[in-house]
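Here's the structure, in structure tokens; my notes come after.
Just so you know, all these numbers are worked out from the coordinates, no wet-lab data involved. Predicted, not measured: the structure shown is a model, and the values here were computed from it. All Cβ positions, even for glycine, are placed from backbone atoms using ideal geometry, and neighbour counts span all protein chains on display.
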Amino acid sequence: MTTDISVKTIEGVWSSSCKARNRLYISSAITSAQFTVLERFSMNADLKKAGTNKYELYFTDFPPIILLPDEMKNWDNMDRKKPVGYFEFIDESRINLIWLGFYYKKTGKYIQTENPFNSKEKTAHLIKCPDTITL
């Protein structure tokens, strides 16, 4: 039987490599996350528990950190009720992030579907970075 990983061990910065510039910050309250994906977007998300050590990510807003592509400038076009992705904790230092993209209401399709951490696959394997690493 799998048990939930301790909340305190989850908080922090996660990335495919701690030297990589694209990062994900997860709050210890397990209610929010922030992505910084250079040259693409910076995004805040709400988290919803979807199972043991599994969480769905729901887009909330784009902080004004990175200039957005035209299709993403009107947030009302993004469906906030459809997940942009989900992640599963493998252990206290590794997670798998499955990226879906943003559901664009005008077309009824997902946009920005390339995984921010692994352009070749939908699933990215992320590691927890030291506390000295920031967004």
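Using R0 = 30 Å, the C-beta based FRET efficiency linking K122 and K81 works out to 0.90. Stretched out straight at 0.36 nm per residue, the stretch from T60 to R21 would grow longer than its current Cα-Cα span by 11.8 nm. Sorting R80, R23 from the fewest to the most surrounding beta carbons within 10 angstrom yields R80, R23.
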